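The values are calculated or read from the model by the stated rules, or taken from the named source; none is laboratory data. What you see is a predicted model, and the numbers here were worked out from it, not measured in a lab. We place every Cβ from the backbone using ideal geometry, glycine too, and count neighbours over all the protein chains shown. In case anyone asks, the SASA skips ligands and DNA or RNA and just uses the protein heavy atoms, side chains included. Shrake-Rupley method; radii C 1.70, N 1.55, O 1.52, S 1.80 Å.
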Amino acid sequence: DYRGTKPINEALHDRFNLVLDIDYDVAVERKLIDNPRLIDLAVKLRQNYRAEVLRSTCTTRMLMDYQQSYSMFGEEVAKMSFIARFQPEDRSAVSEAYDMSMLAPRAGKEEV
């Protein structure tokens with residue numbers, strides 16, 4: 001299900017005796033990514049991808065790239081670059097999810 005790949009045909013698939021479906025490891029991402037909101041966003045986007053609401057998913061590399069862009073260029077550029085990595089038809093939904101996850105006040109905590 002990785003973006004840019006194609007499903008293998010049934011004849012080739014049948015030749016593999018071990019097939020694993022491995023999801024993203026959020027525990028590893030929490031060690032790599034400083035922003036818990038960004039990880040929450042990724043989890044939501046992946047759920048939407050699995051539910052076939054989105055055509056593209058959010059990779060760990062995208063999170064790391066966002067974090068680097070944020071530190072180098074600020075949130076506006078990081079957000080634009082992050083959203084641009086999704087399929088064009090997904091971008092408005094991703095932008096809305098971003099705003100809800102990253103810009104909304106955290107429940108139970110006062111924002112300063």
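Set side by side, the residues Ala11, Ala42, Ala51 differ, and just one is within 15 Å of Phe86 (Cα to Cα), without any contact (Cβ under 8 Å) to a residue 40 or more places away in the chain and open to solvent by less than 90 Å² (accessible area, probe 1.4 Å), which is Ala42.
Condition (residue is in contact (Cβ under 8 Å) with a residue 60 or more places away in the chain and surrounded by fewer than 16 Cβ atoms within 10 Å (Cβ to Cβ)) applied to the range 95-107: is it met by at least one residue? So far as the range 95-107 goes, yes, one or more of its residues are in contact (Cβ under 8 Å) with a residue 60 or more places away in the chain and surrounded by fewer than 16 Cβ atoms within 10 Å (Cβ to Cβ). For the condition surrounded by 11 or more Cβ atoms within 10 Å (Cβ to Cβ), in a loop (DSSP other than H, G, I, E, B), at negative phi and touching a residue at least 12 places away in the same chain (Cβ under 8 Å), Ser69 does not qualify. Can you confirm whether the range 13-27 contains a residue that is in a helix (DSSP H, G or I) and within 13 Å of the chain's Cα centre (by Cα)? Checking the range 13-27: at least one residue is in a helix (DSSP H, G or I) and within 13 Å of the chain's Cα centre (by Cα).
When we screen Thr57, Thr5 for residues that are of a type in the set (Val, Ile, Thr), open to solvent by 80 Å² or more (accessible area, probe 1.4 Å) and assigned to a loop (DSSP other than H, G, I, E, B), the only hit is Thr5.
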